[in-house]
Amino acid sequence: MDRFKIEGGRPLQGAVQISGAKNAALPALAATLLTSEPVHLQNIPRVRDIITMAKLLAHMRCNVTSPDIPPSEFTIQAETISHAEAPYELVKTMRASVLVLGPLVARTGYARVSLPGGCAIGARPIDIHIQALEKLGAKISVEHGYVEARAKRLRGAEFRFPKITVTGTENVLTAAVLAEGETLLENCALEPEVTDLAELLIKMGARIEGLGTSTLRVRGVQRLHGATHEIIPDRIETGTFLIAGAITGGDLHLQNCAPEHLRAVIEKLKSCGVEIRCEANSLRVKAAKKLVAADVDTEEYPGFATDMQAQFMALATQAQGVSRIRETIFENRFLHAVEMLRMGANIAIDGNLAVVTGPSKLSGAPVTASDLRASAGLVLAGLVADNTTWIDRVYHIDRGYERIEEKLRSLGARITRVGTGDRDE
Ligand code: EPU
């Protein structure tokens, strides 16, 4: 298991390229199951979760090809699907594997997908995905840890999501496009990744109206065809680098990003005193003259993303005053706080509220990453801590950040990856 060794205290300077969005690429890859023709996807981030999804598609006998290694482009052709199944071995490493449920049942009339268990940040059930697919006429049973869905052909229906769910909206949308008749989906997630998926589906021949709104109207078609699509930039990687610039007192130029997808994060950072300049597809971030505290409630898009909460907490430890951070999406997403406490942060947790009093002088310590975004928060804390921070279990960060240590090093950070077999430097 690899670890990161970080020697903090260096302002980051320079330009960094933002990768494609993991959470847009995953549903796009799943959507390739909807057609027998090739679908070409570009700007795919080179991260572990993408490899897992590619393995899952290959397991179903899809032809997965890529011109480069590691791949940033994929052509996937699901000419025939002989194993409409997502096995436990793959789903347990990545719960987004559940995104194949909707496309599989819509295209083949059958899907068998391992039920994802809970994860470090919460229980994360998929009951709403199941309810919606049942509304579209799928017969669903849950047995032996697997969800089995059957339908000769799905039928269009009206469904109002009782709670906003990102992958739930994506799963049901990718089922409805091949259903017979019209589907009306209400209270859909507004995340840019949902809109990016809808745009891919339209290129494949789907008929969807209401993109970017909470009501999606889908007119089902008999079949979809091949398409080429470029995945949107990763707004969470962008936000993480914004905070890396701000927290280290640096000056960074983030290229190939989509500032319009980060309005809430940019506004919040500006209210902390961080200087940010937006251009069409780039951002310039400069350190605050004085970093001041701010309160944050995580919310569904367009609110402040839960996937930016751990990184914001790292920033709050360096801000003057009291920041109250309320996590409203997941029930257990403060595991990084306990590690930051070990580095000298002043954080009091009360249920879903973290009260951070700053600034604190952080000191390097051995810490453990519990999930993807928690790892990013700890890396940011390590970049400002004195002495050496060791972060264990960085496989979490490899799931969703492309070569983060290389990108940070190119900006002047002292961060190295140390394998268990390597000698400590
Ligand atoms: N929920 C239910 N029932 C359902 C579905 C969701 O109760 O059937 C609850 C969840 O437990 C949670 C809330 O609804 O409390 C919202 O969860 P959502 O379904 O929106 O989350 P998700 O689709 O499983 C995606 C991202 C997450 C991100 C969340 C929230 C992907 C692959 N994952 O998860 O990303 O945190 O939306 O924005 O798109 C990450 O990238 O690190 C990550 C965790």
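The values are calculated or read from the model by the stated rules, or taken from the named source; none is laboratory data. Note that the structure is predicted; figures quoted are calculated from it, not measured. No Cβ is skipped: glycine too gets one built from the backbone with ideal geometry, and neighbour counts run over all protein chains shown.
Considering only residues of segment 296-321 that are among the charged types (D, E, K, R) and not in a strand (DSSP E or B), which is farthest from LYS270 (Cα to Cα)? Among those that are among the charged types (D, E, K, R) and not in a strand (DSSP E or B), it is GLU300.
On inspection, SER360 qualifies as buried (at least 16 other Cβ atoms within 10 Å of the Cβ), among the hydroxyl-bearing types (Ser, Thr, Tyr), more than 15 Å from the ligand (Cβ to nearest atom) and over 26 Å from the mean Cα position of the chain (by Cα). Considering only segment 408-422, I want to know if a residue exists there that is modelled with pLDDT under 95, assigned to a loop (DSSP other than H, G, I, E, B) and of a type in the set (Val, Ile, Thr). Yes, segment 408-422 contains a residue that is modelled with pLDDT under 95, assigned to a loop (DSSP other than H, G, I, E, B) and of a type in the set (Val, Ile, Thr). For segment 56-101, filtering for residues that are assigned to a helix (DSSP H, G or I) and within 16 Å of the ligand (Cβ to nearest atom) leaves 11. Considering (1) touching a residue at least 60 places away in the same chain (Cβ under 8 Å); (2) among the hydroxyl-bearing types (Ser, Thr, Tyr); (3) within 16 Å of the ligand (Cβ to nearest atom), the lone condition that THR35 does not fulfil carries the number (3).
Of all residues in segment 109-125, how many are in a strand (DSSP E or B), modelled with pLDDT of 90 or more and small (Gly, Ala, Ser)?
Adding up the residues that qualify gives 2.
Taking segment 319-333 as the search range and keeping residues that are away from the ligand (no atom under 14 Å from the Cβ) and aliphatic (A, V, I, L, M), which one is nearest to the chain's Cα centre (by Cα)? Checking each candidate, the answer is ILE325.
Of the residues examined, PRO116 is one that is buried (at least 19 other Cβ atoms within 10 Å of the Cβ), within 12 Å of the ligand (Cβ to nearest atom) and closer than 22 Å to ALA21 by Cβ.
From the list ALA120, ALA58, ALA78, which one is free of Cβ contacts under 8 Å to residues at least 60 places away in the same chain and over 21 Å from ALA206 (Cβ atoms)? Spell out how you get there, then give the answer.
Working: ALA120 fails: free of Cβ contacts under 8 Å to residues at least 60 places away in the same chain; ALA78 fails: over 21 Å from ALA206 (Cβ atoms).
So the residue among ALA120, ALA58, ALA78 that is free of Cβ contacts under 8 Å to residues at least 60 places away in the same chain and over 21 Å from ALA206 (Cβ atoms) is ALA58.
Considering only residues in segment 123-139 that are in contact with a Lys or Arg (Cβ under 7 Å, 6 or more places away or on another chain) and among the small types (Gly, Ala, Ser), the one that is nearest to the ligand (Cβ to nearest atom) turns out to be ALA138. Within this structure, HIS144 passes the test of being surrounded by fewer than 17 Cβ atoms within 10 Å (Cβ to Cβ), at pLDDT below 95 and not charged (D, E, K, R).
Among the residues of segment 370-407 satisfying the criterion of being in a loop (DSSP other than H, G, I, E, B) and touching a Gly at 6+ places or on another chain (Cβ under 9 Å), which is nearest to the ligand (Cβ to nearest atom)? Write out each step before concluding.
Step one: of segment 370-407, the residues in a loop (DSSP other than H, G, I, E, B) are 370-371, 385, 387, 393-394, 399-403.
Filter once more, keeping what is touching a Gly at 6+ places or on another chain (Cβ under 9 Å): 385, 387, 402.
Working: ALA385: 23, ASN387: 29, GLU402: 13 Å.
Only one residue fits best here, namely GLU402.
Listed here are the residues, each with its yes/no results for (1) surrounded by fewer than 16 Cβ atoms within 10 Å (Cβ to Cβ); (2) farther than 16 Å from ILE236 by Cα; (3) under 20 Å from the mean Cα position of the chain (by Cα).
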{"site": "GLU267", "(1), (2), (3)": "yes, no, no"}
{"site": "SER271", "(1), (2), (3)": "yes, yes, no"}
{"site": "VAL274", "(1), (2), (3)": "no, yes, no"}
{"site": "ARG277", "(1), (2), (3)": "yes, yes, no"}
{"site": "ALA280", "(1), (2), (3)": "yes, yes, no"}
{"site": "VAL285", "(1), (2), (3)": "no, no, no"}
{"site": "THR298", "(1), (2), (3)": "no, no, yes"}
{"site": "ALA314", "(1), (2), (3)": "no, no, yes"}
{"site": "THR317", "(1), (2), (3)": "no, yes, no"}
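Count of segment 30-79 residues, restricted to those that are modelled with pLDDT of 95 or more, in contact with a Lys or Arg (Cβ under 6 Å, 6 or more places away or on another chain) and farther than 24 Å from ALA106 by Cβ, is 2.
Among the criteria (1) more than 23 Å from THR93 (Cα to Cα); (2) in a loop (DSSP other than H, G, I, E, B); (3) within 16 Å of the ligand (Cβ to nearest atom); (4) not polar (S, T, N, Q), the one LYS152 does not fulfil is (3). Pairs are defined by a Cβ separation below 9 Å, a sequence spacing of at least 6 or placement on different chains, a first member in segment 162-177 that is within 8 Å of the ligand (Cβ to nearest atom) and of a type in the set (Lys, Arg), and a second member that is at pLDDT 95 or above and not in a loop (DSSP other than H, G, I, E, B); the pairs so defined are LYS163/ILE128. For segment 322-369, a residue qualifies if it is free of Cβ contacts under 8 Å to residues at least 12 places away in the same chain, outside any helix (DSSP H, G or I) and out of contact with any strand residue (DSSP E or B) (no Cβ under 7 Å at 6 or more places or on another chain), and the qualifying residues are ASP350, GLY351.
Within segment 140-149, track down each residue that is more than 16 Å from the ligand (Cβ to nearest atom) and part of a strand (DSSP E or B). Give the steps one after another, and end with the answer.
So in segment 140-149, the residues more than 16 Å from the ligand (Cβ to nearest atom) come out as 141, 143-146, 148.
Passing the criteria: SER141, GLU143, TYR146, GLU148.
Number of residues in segment 335-357 that are within 16 Å of the ligand (Cβ to nearest atom) and either within 22 Å of ILE391 (Cα to Cα) or polar (S, T, N, Q) (or both): the value is 3.
State which residue is surrounded by the most Cβ atoms within 10 Å (Cβ to Cβ) when the search covers only segment 334-357 and only residues that are under 25 Å from the mean Cα position of the chain (by Cα) and among the small types (Gly, Ala, Ser). Filtering segment 334-357 for residues that are under 25 Å from the mean Cα position of the chain (by Cα) and among the small types (Gly, Ala, Ser), the one surrounded by the most Cβ atoms within 10 Å (Cβ to Cβ) comes out as ALA354.
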